[in-house]
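The values are calculated or read from the model by the stated rules, or taken from the named source; none is laboratory data. As the structure is a prediction and not an experimental result, all values here were calculated from the model. We place every Cβ from the backbone using ideal geometry, glycine too, and count neighbours over all the protein chains shown.
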Amino acid sequence: MPSIVTQGVVLRFANYREHDRMLTILSPQYGRIDALSRGCRKPKSSLMPVSELFVSGEFVLYQAHEHFTLTSATLRDSFYPLRLEPYRLTCASYMAGLCAAAVQPGQDAAELYALLLKGLYFLSYDDNADALETTSAFLLLFASATGYRPRLTRCAHCRTPLDPEQNGSFDIEAGGLCCPDCTSRSTFAVSRQQIDWMKSTLKSGLLPKEKSDGSALFELLRRFVESRLDVRVKASKLLP
Ligand SMILES: [Zn+2]
């Protein structure tokens with residue numbers, strides 16, 4: 001079987017045997033790849049620097065049937081500053097965990113790959129970016145990239161157009177805002193400012209986010225996104 005060469009970012013790893021590591025890599029064109037990094041924990045292994053969490057770069061992988069083994073890699077960014085900021089590290093781990101849960105092997109993941117790299121970049125290098133606000137924006141765009149873009153202009157139940165001047169309520173199960181007639185005890189109240197924040201974030205994509213109304217939406221967006229995934233994401237428990 002041939003080798004494949006792909007851009008990628010390490011979403012997680014598990015130490016394996018005495019010197020090895022199993023890496024989970026997100027690739028824009030091959031989706032999630034579980035690959036053995038053989039001998040990477042031996043002193044002086046050239047694979048050690050590229051077998052760490054959040055490392056992005058170009059990976060060369062040998063494929064035998066369903067199994068991938070890392071042959072070599074060129075490191076582009078290790079997002080090192082995340083290691084110095086526990087809270088930002090937790091936010092980054094949450095983003096990576098969401099990608100690991102959503103992406104299947106062989107699936108096109110170009111949009112999520114680009115989104116994750118941007119998220120890691122702002123958390124690592126932009127001191128003005130509020131960590132929770134940026135994570136909330138990531139959640140919203142993650143929902144959109146995985147096919148669950150929330151409905152914000154019409155009622156998610158009855159399709160009545162919503163008044164953009166009014167506050168609203170969000171129904172997680174229905175997947176968006178709902179009109180006053182469809183509001184119930186299970187919906188979340190959201191302010192007009194928060195609705196505008198969601199609309200502008202969906203329009204502009206992930207940008208460095210300063211503290212505003214978005215971080216207050218974290219809990220809602222977390223529940224919304226995690227309700228669409230089958231698996232729990234560990235880092236979620238440590239946030240906000
Ligand atoms: Zn309605």
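Quick notes
For every residue, the table says whether it meets (1) on the phi > 0 side of the Ramachandran plot; (2) away from the ligand (no atom under 16 Å from the Cβ).
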position: 121; (1), (2): no, yes
position: 152; (1), (2): no, no
position: 155; (1), (2): no, no
position: 161; (1), (2): no, no
position: 175; (1), (2): yes, no
position: 178; (1), (2): no, no
position: 184; (1), (2): no, no
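- Filter result (in a strand (DSSP E or B), hydrophobic (A, V, I, L, M, F, W, C) and surrounded by fewer than 18 Cβ atoms within 10 Å (Cβ to Cβ)) within the range 44-61: 60
- Any hit, the range 189-199, residues being without any contact (Cβ under 8 Å) to a residue 60 or more places away in the chain, assigned to a strand (DSSP E or B) and away from the ligand (no atom under 13 Å from the Cβ): yes
Condition check ((1) outside the structural domain of residue 58 (by TED's automatic domain parsing); (2) polar (S, T, N, Q); (3) not in a helix (DSSP H, G or I)) across all residues:
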| site | (1), (2), (3) |
| --- | --- |
| 108 | yes, no, yes |
| 111 | yes, no, no |
| 117 | yes, no, no |
| 134 | yes, yes, no |
| 137 | yes, no, no |
| 140 | yes, no, no |
| 144 | yes, yes, no |
| 149 | yes, no, yes |
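- Verdict on residue 213 being within 16 Å of the ligand (Cβ to nearest atom), among the acidic types (Asp, Glu) and over 24 Å from residue 112 (Cβ atoms): no
- Considering residues of the range 162-183 that are in a strand (DSSP E or B) and not acidic (Asp, Glu) only, the residue surrounded by the fewest Cβ atoms within 10 Å (Cβ to Cβ): 169
- Single unsatisfied condition, residue 220 versus (1) within 14 Å of the ligand (Cβ to nearest atom); (2) crowded, with 18+ Cβ neighbours inside 10 Å; (3) closer than 25 Å to residue 111 by Cβ: (1)
- Count - residues of the range 11-43 that are in a strand (DSSP E or B) and out of contact with any strand residue (DSSP E or B) (no Cβ under 8 Å at 6 or more places or on another chain): 0
- The range 88-112: number of residues that are surrounded by fewer than 22 Cβ atoms within 10 Å (Cβ to Cβ) and more than 22 Å from residue 240 (Cβ to Cβ): 7
- Check on residue 205, assigned by TED's automatic domain parsing to the domain that holds residue 135, closer than 28 Å to residue 119 by Cβ and at pLDDT 95 or above: no
- Top-ranked residue of the range 5-43 - restricted to ones that are more than 25 Å from residue 234 (Cβ to Cβ) and in contact (Cβ under 8 Å) with a residue 60 or more places away in the chain, ranked as surrounded by the fewest Cβ atoms within 10 Å (Cβ to Cβ): 29
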